[in-house]
1. Which residue pairs have Cβ atoms under 9 Å apart, sit 6 or more places apart or on different chains, and have a first residue in segment 209-226 that is within 13 Å of Ser241 (Cα to Cα) and a second that is of a type in the set (Asp, Glu) and in a loop (DSSP other than H, G, I, E, B)?
2. In segment 99-119, is there at least one residue being surrounded by 19 or more Cβ atoms within 10 Å (Cβ to Cβ), at pLDDT 90 or above and in a strand (DSSP E or B)?
3. Can you find a residue in segment 185-208 that is buried (at least 20 other Cβ atoms within 10 Å of the Cβ), touching a residue at least 60 places away in the same chain (Cβ under 8 Å), on the phi < 0 side of the Ramachandran plot and part of a strand (DSSP E or B)?
4. Restricting to segment 48-66, give me the number of residues that are hydrophobic (A, V, I, L, M, F, W, C) and in a strand (DSSP E or B).
5. Taking interchain pairs and intrachain pairs at least six residues apart, which have beta carbon atoms under 7 angstrom, with the first residue in segment 232-251 and in contact (Cβ under 8 Å) with a residue 24 or more places away in the chain and the second of a type in the set (Lys, Arg)?
6. Against the condition in contact (Cβ under 8 Å) with a residue 24 or more places away in the chain, more than 14 Å from Gln101 (Cβ to Cβ), more than 33 Å from the chain's Cα centre (by Cα) and part of a strand (DSSP E or B), how does Leu45 come out, does it pass?
7. May I ask you to list pairs of residues, at least six apart or on different chains, whose Cβ atoms are under 7 Å apart, with the first in segment 94-109 being of a type in the set (Asp, Glu) and the second being assigned to a loop (DSSP other than H, G, I, E, B) and at pLDDT 60 or above?
Amino acid sequence: MRKAILMATGIIVIMLAVFGAAATAAEVITVRGRLARTVEEGGWLIATDAQKYLILNATRFRRETWFREGAEVEAEGETKPGTMTIYQEGIPFEARTMRPQSGGSGGSRDGAALVTGGNPNDVTRVSVSGEATVQAQPDTAIITIAVVTQNASASEAQAENASKTDAVVRAVKAAAGAGAEVKTSGYSLQPQYVYQQNEAPTITGYNARNSVLVTTGELTKVGGVIDAAVRAGANNIDNLSFTLRRDQPARNQALTEATRAAVNKAQTLANALGGRVVRIVEVQEGSAARPPITYQAEFSRASVAKADTATPIEVGALDIRSQVQLIAEVEVGQK
């Protein structure tokens, strides 16, 4: 046995020539997969679903603009059974040609790929998206109530505000019931200024503000909570919104429908190409973030000012949207 040590793409490659025994024949194949770096510095490989192929002559393609980590490529070449490396990371492979796959420029993070050896039917990839919207009734109301007081003295403004806020909190808790959450969401005490030309600003009084956040699952009590707060001394309703805390069933339904829509698109494209969907190689939800499902309610501020008028609150449905993006392999050439 004769041993030759070469340096290729930063990887120590050992070529073994075996005498007196038949060496395993090289196989000409086409590899479709994702470019990745090797454990050894400077080395590159093509990763497929089933295997890794160590590129022995990666330097030949390094200057190409598409040659970068994560790019999906198609390479034709020979396996080199008699080649060994220090880490032996993948099947040694010498590429004759290499090009980026249609529609793949490194944006895919799936790593799905296909290795072919002369299939008469062409396989291509299609990228589609599906969207769906389902409606659900909210299960939680969030009300922001504020007490604002003004006085020439900071201590008087603060004391008056504290007294009124205490009354508002007690009234709100009674109206909302034991299951509601009532807490302070903000407090400020600020001077009020008068500005005159060429003179320093003058403090004319102080403005105290205490905001209370009410969260309740009993939506029929929202109007009563607002009325009770106003009667107790609240003079500002900053915000009213409805949300869906137990949102998983609705989100799952929207995601299922969006996925079905995307699959139907892939099948439609496959039919138009005269082929069929072989498999789904990548599925991604359109957004990784899960924003809260909320809508802002509107109500008459004029009715709030009248203690003898119940505040009307109409609870509407929430829209839960989902988007799915998928990549499907389509075999063209037979129905």
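1. Within 9 Å, the pairs are Gly217/Asp139; Leu219/Asp139.
2. So in segment 99-119, the residues surrounded by 19 or more Cβ atoms within 10 Å (Cβ to Cβ) come out as 101, 104, 108, 112-114.
When the remaining residues are screened for being at pLDDT 90 or above, the result is none.
For segment 99-119, residues surrounded by 19 or more Cβ atoms within 10 Å (Cβ to Cβ), at pLDDT 90 or above and in a strand (DSSP E or B): absent.
3. Applying the first criterion (buried (at least 20 other Cβ atoms within 10 Å of the Cβ)) to segment 185-208 yields 206, 208.
Pick out the ones that are also touching a residue at least 60 places away in the same chain (Cβ under 8 Å) and you get 208.
In the following step, the residues that additionally are on the phi < 0 side of the Ramachandran plot were identified as 208.
Now narrow it down to the ones that are part of a strand (DSSP E or B): 208.
Yes, segment 185-208 contains at least one residue that is buried (at least 20 other Cβ atoms within 10 Å of the Cβ), touching a residue at least 60 places away in the same chain (Cβ under 8 Å), on the phi < 0 side of the Ramachandran plot and part of a strand (DSSP E or B).
4. Here is the first cut: in segment 48-66, the residues hydrophobic (A, V, I, L, M, F, W, C) are 50, 54-56, 58, 61, 66.
Keeping just the survivors that are in a strand (DSSP E or B) gives 54-55.
Number satisfying all stated conditions: 2.
5. Once the first residue is in contact (Cβ under 8 Å) with a residue 24 or more places away in the chain and sits in segment 232-251, its partners that are of a type in the set (Lys, Arg) give Gly233/Lys164.
6. Working: in contact (Cβ under 8 Å) with a residue 24 or more places away in the chain: yes; more than 14 Å from Gln101 (Cβ to Cβ): yes; more than 33 Å from the chain's Cα centre (by Cα): no; part of a strand (DSSP E or B): yes.
Judged against the criteria, Leu45 is not a match.
7. That search, which allows pairs on different chains as well, returns Glu94/Leu56; Glu94/Asn57; Glu94/Lys80.
The rows are residues; the columns are (1) at pLDDT 85 or above; (2) of a type in the set (Lys, Arg); (3) part of a strand (DSSP E or B).
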position	(1), (2), (3)
Arg32	yes, yes, yes
Arg68	yes, yes, no
Glu76	yes, no, yes
Met84	no, no, yes
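The values are calculated or read from the model by the stated rules, or taken from the named source; none is laboratory data. The structure presented is a predicted model; accordingly, all values stated were derived computationally and were not measured. FYI the Cβ positions are ideal-geometry reconstructions off the backbone, even for glycines, and counts take in every protein chain you see.
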